[in-house]
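The values are calculated or read from the model by the stated rules, or taken from the named source; none is laboratory data. Quantities reported herein were computed from a predicted structural model and do not represent experimental measurements. Quick reminder, even Gly has a Cβ in these numbers, built from the backbone with ideal geometry, and neighbours come from all protein chains shown. Quick note on the areas: whole protein, heavy atoms, side chains included, nothing else; ligands and nucleic acids left out. Shrake-Rupley method; radii C 1.70, N 1.55, O 1.52, S 1.80 Å.
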Amino acid sequence: MSAIRAVVVFFLAFMLLSPFFRSTSKRVEDPVIIIAQDNSLSVTASGDTSFYKQEYPKLMNDLVTELGRDFEVQLYSLGQSFREGISYDFSDKQTNISEALTELNSRYLNRNVGALILASDGIFNQGVHPHYALEFLPFPVYTLALGDTIPVRDAAIVNVTHNRIAYLENTFPVEIHVRGVLCNGMNTNLRIIKNGVVIFSERI
């Protein structure tokens, strides 16, 4: 009994000293390689549709298999929306590259990302210019240029700047940035429409 009492007293005294127990665990993660595939219609606008729908998926799958030997490969598609997995139907009518870059930056915060491979033709018609979103990425980006490199005639609104708050019946400025490619000597109309009524129009 005296031996048991001594053990109990020792244990209680030891616990009263509030000992600190440290436990460590180690988990080894492979570096992550992210592949973001542009699934927009503009990729196949060059006319080489058969290549992008038949040969290109095989080449991309070979790349994924090769990278998968040493890395954890994550696949995404971008276009009208940013989503997991790669699609090769190239049917999205809008492209928002900056949304994809911002979402990837959020998802892989503090992860061991080796690189992002962005497969795109670089044409976007939604979101901010991808250049600004790239500045905040903590991992390198490698681009895989797709589509036709020959510039085509295009007119686009690239940015609209306005006041964040506007009071009822007050006038406020709107700054519209437009871009024209191969449009020398051509004319177009810029219109602002509210509830079906044209409130501003200018010939450019």
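General remarks:
- Carbon plus sulfur fraction of accessible area for segment 1-46, probe 1.4 Å, in percent: 66
- Reachable lysines from K53, criterion Cα separation under 27 angstrom, eight or more residues apart if same chain: K93
- Counting only aspartates and glutamates at least 8 places from K194 when in the same chain, those with an alpha carbon closer than 15 Å to its own are E169.
- GNM remark for the chain: springs join alpha carbons under 10 Å apart, and the peak mean-square fluctuation among V181, V158, V28 falls on V28.
- Protein accessible area in segment 156-204, 1.4 Å probe - carbon and sulfur %: 52
- Exposed-loop-free span, longest in the chain, where GluC sites (Glu not before Pro) count as exposed if DSSP calls them loop and at most 13 other C-beta atoms lie within 10 Å: 30-134
- Largest to smallest accessible area among K26, K53, K194 [probe 1.4 Å]: K26, K194, K53
- Among the trypsin sites (Lys or Arg not before Pro) found in segment 66-114, those both in a DSSP coil and sparsely packed, with 16 or fewer other Cβ atoms within 10 Å of their Cβ, are R69, K93, R111.
- Of the DSSP H helices in the chain, those that are both long (alpha-carbon extent of 18 Å or more along the helix axis) and hydrophobic (Kyte-Doolittle mean at least 0.5) are 2-16.
- Most mobile listed residue (V32, V174, V141) in the chain, GNM with C-alpha springs under 10 Å: V174
- 3J(HN,Hα) from dihedral phi, segment 179-189, Karplus parametrisation 6.51/-1.76/1.60, rounded to Hz, x for glycine, proline: 9, x, 10, 6, 10, 4, x, 9, 10, 8, 10
- Farthest toward positive dipole pole in the chain [+1 Lys/Arg, -1 Asp/Glu at C-beta], among Q54, T24, A145: T24
- Of the chymotrypsin sites (Phe, Trp or Tyr not before Pro) in segment 1-62, the ones in a loop by DSSP (not H, G, I, E or B) with at most 10 other beta carbons within 10 Å are F20, F21.
- Candidates I157, I165, I176, ranked by Gaussian network fluctuation over the chain, Cα under 10 Å, top entry: I165
- Under Karplus coefficients 6.51, -1.76 and 1.60, residue-wise ³J(HN,Hα) of segment 25-35 in Hz, glycine/proline x: 9, 10, 10, 9, 10, 6, x, 9, 10, 9, 10
- The chain - share of DSSP beta bridges that are antiparallel (%, nearest 5): 45
- Over the residues of the chain, the helix contribution to mean residue ellipticity at 222 nm works out to -6500 deg cm²/dmol, using -39500 (n - 2.57) for each DSSP H run of at least 4.
- Cβ-Cβ FRET estimate between L144 and N187, R0 fixed at 45 Å, reported to 0.05: 0.75
- Beta bridges per DSSP, both residues in segment 4-97: antiparallel share near 20 percent.
- Counting only protein heavy atoms and a 1.4 Å probe, the chain has 74 square angstrom of accessible area per residue.
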